[in-house]
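Just below is one structure, and these are the notes that go with it.
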Amino acid sequence: MNETLWIIFALVDLCMVLVVYRLFGRVGLFGLMVFNLLLCNIQVLKTVELFGLTTTLGNVLYASVFLATDLLSEFYGKQEARKGVLLGFVALVMMVAYMQIALYFQPAADDFAQPHLSALFGFLPRIALASMVAYLVSQMHDVWAFHAIKQRTGGKLLWLRNNASTMVSQLLDSAIFCIIAFWGMFPVEVFMEIMLSTYIIKVAVAALDTPFIYLAKRIFPKNDVVAETA
């Protein structure tokens, strides 16, 4: 059941990237990056069993953030992609800070939300720091690698720059997050298992996005994009 739902969820989410892009263009991709990044940092608190691995749920939405970044890189260039990454980072910092402030408010006598909000957003600063650092480093690397490969291949081999940049960046993301968040908390073999399972699931979702970036190039011709950026 989990595996079937995971595949459906991943495909729907990747389709929604194209729908939002078709309806709202570059601004839609910026908004989607922020929305998915904030939501996946809530979903990441839930662990599930997938294909015999224990992993976090937020990996699906996080992978589509990489698709949005690659679309910005492909159609609008490095600067616009970096702008989207920084917008997502600022939104994530604001969410963490604002929710910590909200938890300090004294709840009313009949309030029911405080313990639930505390369970969701009262996570350790170490986890929040791990998430923010891993996101910023991996996304900036993704933008750099995408354009470095594009330049070396003369704009050809879209599948290569899409997959290579994302999969290496996902490795950076998983390694940085796990080292900051979990190093010293588990035995080395358990730590490695957590990092490996997290990366495997992320790579699986990343591999699914390749047809979607080709579909985007087919649906949205380059001359339309140039007209929009002018």
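The values are calculated or read from the model by the stated rules, or taken from the named source; none is laboratory data. Quick caveat, the model's predicted, so the values are computed rather than measured. We place every Cβ from the backbone using ideal geometry, glycine too, and count neighbours over all the protein chains shown.
Assess whether Val12 counts as being within 14 Å of the chain's Cα centre (by Cα), modelled with pLDDT under 95 and either part of a strand (DSSP E or B) or closer than 27 Å to Ala81 by Cα (or both).
No: the conditions fail for Val12.
I need a count of the residues in region 15-41 that are under 18 Å from the mean Cα position of the chain (by Cα) and either among the basic types (Lys, Arg) or closer than 19 Å to Ser138 by Cβ (or both).
Here the count works out to 14.
State the number of residues belonging to region 42-68 that are within 9 Å of the chain's Cα centre (by Cα) and not hydrophobic (A, V, I, L, M, F, W, C).
Selection size over region 42-68: 4.
Take the conditions in contact with a Ser or Thr (Cβ under 8 Å, 6 or more places away or on another chain), touching a residue at least 24 places away in the same chain (Cβ under 8 Å) and either farther than 18 Å from Arg218 by Cβ or β-branched (Val, Ile, Thr) (or both) and apply them to Val34. Does it pass?
Judged against the criteria, Val34 is not a match.
Considering region 13-35 alone, what residues qualify as being surrounded by 20 or more Cβ atoms within 10 Å (Cβ to Cβ) and more than 26 Å from Val96 (Cβ to Cβ)?
Leu14, Tyr21
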